[in-house]
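The values are calculated or read from the model by the stated rules, or taken from the named source; none is laboratory data. Everything numeric in this text was worked out from a predicted model, so none of it was measured. Ideal geometry is used to build each Cβ from the backbone, glycine not excepted, and the neighbour counts take in all protein chains shown. Heavy atoms of the whole protein, side chains included, go into the accessibility calculation; ligands, DNA and RNA do not. Shrake-Rupley method; radii C 1.70, N 1.55, O 1.52, S 1.80 Å.
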Amino acid sequence: MQSQRSTNTTLTVSTAVIPLGVLACALAFVTVLFWHTPGTDDMVIWREWTDNLQRVGLVSGFGANKADYPPLASVILFASSTLGEWIGLDTFSAIKASLVVFMALTLLAAWLWTRSVLLVLVLIAVLCLNSIALGYLDIYFAPTLLLALWALQRRHLILFACAFVVTCMIKWQPLILAPFLALAVLPPHQPNLWQRNGRTRILASVILPTATLLALLLTWFGPVPVFHAFRIALRHPVLSGNALNLNWIITHFLHVQYPDQFGGLVNGQATYIITTSPQITVAPRILFAAVYGLTFVAAALYAKTFVTLVQFMLIGYLAYFTFNTGVHENHLFLTGLIAFVLAACESSHRITLTALGLISNMNLIMFYGFDGRGLPVSRAVAPAGDLALWMAMCNVGLFVWIWGRTVAQVLRQAVRPGPQRAVR
């Protein structure tokens, strides 16, 4: 009996140690491969922010930076640089190390959720270019977002609320998911929020923890700098910040048709346009609001399970990326995490994770290559022209096709009731 227990314990340990060892080796390989890549120009910004934080302190530095990021991103940068200084790392290396640490936390959370080495290896491929290679800070919110969605699926609402608040206080983009997540918080098949049981549970499990954490953060950093950062994030003046979407198509068109006003193509390639002209920006914003709103309505009508809700949540976020102004190339990072959650719940969605990972990485490679310096060759290939334009058109077309197969189908069924088909 004792020998059998010992054998079972050994097997249990090996089933955890071997997969984690494989993932650790994969992460080590990616780290060595991309450790010395300079990243995009954003790395310069992170270093400036970090230097200010070290010089005048965390709270004062956050206000002085006038950043468009929430305060917890500054907390991570400050902690990373402080720990890095203790072990002899310069600011650049400390930031790189922090990206590796948060990638490791993300992979650990992903493995604990799925226990699938293959799926987590795919996730590494989806996320490593954005984080370790190019130096974006999106990986900072990945562990807590996965934790929040895991907790929501299992109805651990207090943990969900706390993890999601932390996620949004690292970067603002996850707030786009909030309306869909609010639907998931409601008791199953009880859409009336203010029913007696639902009201008490939601108040105690979601609203109070959320309000408490937000109050603590606003007290710590001050409401004015936090709201200022949020306002800046809403007012990015670029039409498309190298995001291959509808506004990149408009960007290309403006360069070609109005070169006197916006400048012509540079070696056959479009560059991003800074404009606040309502004649250009209002229509895409209205389109985004309409498509996003209809997606939310469809989710409220149809999404009765966690998986279907996450599907609509993904479509809602893709509406933001596809149509809104001020979107940047790294904002597709979040779609990889949502697609991973879908793949963790249903193996049929592994193709979704792979496809969105390819689209996200191709958007980054198109402008910055694999190290931040850009592609070694021109995007403009005769006779096709700027490949970024073609990819943007493909992205928009793919979204319209997905939206038509899901959201439009649900809305048609709502208008003309009949047998519902599964949304895939």
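Table for the structure above
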{"read-out": "Whichever lysines have a C-alpha closer than 30 Å to that of LYS304, once near sequence neighbours (fewer than 8 apart) are set aside", "value": "LYS171"}
{"read-out": "Derived scalar couplings ³J(HN,Hα) [the range 396-407; Karplus, 6.51 cos²θ - 1.76 cosθ + 1.60; whole Hz; x for Gly, Pro]", "value": "5, x, 5, 5, 4, 5, 5, 5, x, 6, 10, 5"}
{"read-out": "Whole-Hz ³J(HN,Hα) from phi, Karplus 6.51 cos²θ - 1.76 cosθ + 1.60, for the range 229-237, glycine and proline x", "value": "4, 5, 5, 4, 4, 7, 10, 4, x"}
{"read-out": "Tensor-based shape of the chain (alpha-carbon gyration tensor, a/c under 1.5 rounded, otherwise prolate or oblate)", "value": "rounded"}
{"read-out": "Cα centre as origin, Lys/Arg/Asp/Glu Cβ charges: the range 193-305 dipole, Debye", "value": "660"}
{"read-out": "Cβ crowding within 10 Å averaged over residues, with 68-74, 137-143 ranked highest first", "value": "137-143, 68-74"}
{"read-out": "Of all accessible heavy-atom area on the chain, the percent that carbon and sulfur account for (1.4 Å)", "value": "67"}
{"read-out": "Unit charges at the beta carbon, dipole of the chain: most positive-side option, VAL75, LEU294, ILE273", "value": "LEU294"}
{"read-out": "Three-way shape call for the range 35-117 based on the alpha-carbon gyration tensor, with the a/c threshold at 1.5", "value": "prolate"}
{"read-out": "Accessible surface ranking that places the most exposed of CYS25, CYS128 first, with a 1.4 angstrom probe", "value": "CYS25, CYS128"}
{"read-out": "Whole-Å distance, taken between Cα centres, linking the range 349-398 and the range 239-310", "value": "16"}
{"read-out": "Vicinal HN-Hα couplings computed from phi for the range 300-309 (Karplus, 6.51 cos²θ - 1.76 cosθ + 1.60; Hz; Gly/Pro x)", "value": "5, 7, 10, 6, 9, 10, 4, 5, 5, 4"}
{"read-out": "Solvent-accessible heavy-atom area per residue, rounded to whole Å², over the chain at 1.4 Å", "value": "47"}
